[in-house]
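Some notes on the structure that comes next.
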Amino acid sequence: MGCQHLEEIYELFLLGALSEQGALELREHLARGCPHCLERIREAVETVYLLSLTSKPARPNPQAKTQLLNGFQKK
Amino acid sequence: MSEALSAEDLLARVGQQDLAALGELYDRYAFRVFGLMMHILSSRDEAEEILVQAFQRLWSESSPLSEEGGSVAAWLVVTARQAALDRLRIVRKGKLRPDARAETAGTEEGIETSSRNTKVFTSAPPAPKSVPKTAGPRTGAGKSGPGGRAKFAAMAGVPPAWLPRPGEIELIDDRLGLLHKVINQLPMSQRQALELAIFAGLSETEIAAELGEPLGKTRTGLRAAVTFVKHRRRAILGKWAANI
């Protein structure tokens, strides 16, 4: 299968915006190990990353870190 | 710990059960991940719960991630976003089962009190080197059988092989402000559609309904928006000389 028709949808696939059918088609194609699409999907992850970070950073409660680390130490 | 260590160096140490390295990664990335969680969930308790789960999962999955050599920052952002959206969908649909909450929050109280009563930190996180029960979204990830780890990863975030190289993400981080200006150049309707996809996790069909648009218009607009951002990104990062 050619990949040209997938060019527009890698990001939408990662964002979860595609229809089930579209997502299934791309997932099956990726599962076949298409190197072109693997490169494109990596690039799409970059785009999703930058889009996601349009949200402003915020400071979590300092206790969150303490409790995260303490939880492991208790094990 | 030395600032000279890259996130990927720290991840390798996390793979050796180095808690200080996990703490260092938390210090580097918690603000941006938490900001994203807040944007999606609008609840500090819920956002902190998902934030911590993301780092618990990073601890559990550090070895395969480290072996693949992908960007830690990208993994954290994409995985946490997916987990937050899955939580949001559950809350939205009113299907937050008491037992599901109990797994996550150590409480059997239901959805009405969940955002005020998130006690995830009071229950011990999963043991290192095991996939935590609570880390993944509840989208069928737990149904994975033999060979289910890849499925788990694909559904809850991205498989390690899909992650961009750390250098690519560093380039983006260096020019994030400029890249975000690109998004503001989008027509309002396209930007709205894109934001609904990014922060509300809506599908094309749901976005069309939300915006009161024909599906075809939404679909075309979303593709145009993503293509615009992608092309601008390539140009800004010097990967594509085309004048767009």
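The values are calculated or read from the model by the stated rules, or taken from the named source; none is laboratory data. Source: prediction; values computed, not measured. Neighbour counts are summed over all protein chains in view; Cβ atoms, including those assigned to glycine, are modelled from backbone coordinates with ideal geometry.
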>> B:G94 - would you say it is over 23 Å from B:E168 (Cα atoms), facing chain A (nearest Cβ under 8 Å) and either over 18 Å from the mean Cα position of the chain (by Cα) or at pLDDT 95 or above (or both)?
In response: no
> For segment A:47-75, which residues satisfy the criterion of being in contact with a helix residue (DSSP H, G or I) (Cβ under 8 Å, 6 or more places away or on another chain), part of a helix (DSSP H, G or I) and of a type in the set (S, T, N, Q)?
Replying inline: A:T47, A:S52, A:Q63, A:Q67, A:Q73
> Any idea which of (1) among the charged types (D, E, K, R); (2) touching a residue at least 24 places away in the same chain (Cβ under 8 Å); (3) more than 9 Å from chain A (Cβ to nearest Cβ) is the one B:R165 doesn't satisfy?
Replying inline: (3)
>> Cβ-Cβ under 7 Å, sequence separation 6+ or interchain: first residue in segment A:39-51 and more than 7 Å from chain B (Cβ to nearest Cβ) and free of Cβ contacts under 8 Å to residues at least 60 places away in the same chain, partner crowded, with 23+ Cβ neighbours inside 10 Å and charged (D, E, K, R). Which pairs?
In response: A:A44/A:E11
> Which of the residues belonging to segment A:25-38 are facing chain B (nearest Cβ under 10 Å) and in a loop (DSSP other than H, G, I, E, B)?
Replying inline: A:G33
> Applying the selection to segment A:52-70, what residues are more than 30 Å from B:A193 (Cα to Cα) and either more than 7 Å from chain B (Cβ to nearest Cβ) or not aliphatic (A, V, I, L, M) (or both)?
Replying inline: A:N61, A:P62, A:Q63, A:K65, A:T66, A:Q67, A:N70
> Is at least one residue of segment B:25-39 at pLDDT below 95 and part of a helix (DSSP H, G or I)?
Replying inline: no
> Given the structure, is B:D86 surrounded by fewer than 24 Cβ atoms within 10 Å (Cβ to Cβ) and either within 11 Å of chain A (Cβ to nearest Cβ) or modelled with pLDDT of 90 or more (or both)?
Replying inline: yes
>> Which pairs turn up if I take residues in segment B:176-200 that are free of Cβ contacts under 8 Å to residues at least 60 places away in the same chain and look for partners that are loosely packed, with under 13 Cβ neighbours inside 10 Å and in a helix (DSSP H, G or I) with beta carbon separation below 8 Å, at least 6 apart in sequence or on another chain?
In response: B:R191/B:N184
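When you scan segment A:14-24, do you find a residue that is outside any loop (DSSP other than H, G, I, E, B), free of Cβ contacts under 8 Å to residues at least 60 places away in the same chain and at the interface with another protein chain (Cβ under 8 Å from one of its Cβ atoms), even just one?
Yes, the conditions are met somewhere in segment A:14-24.
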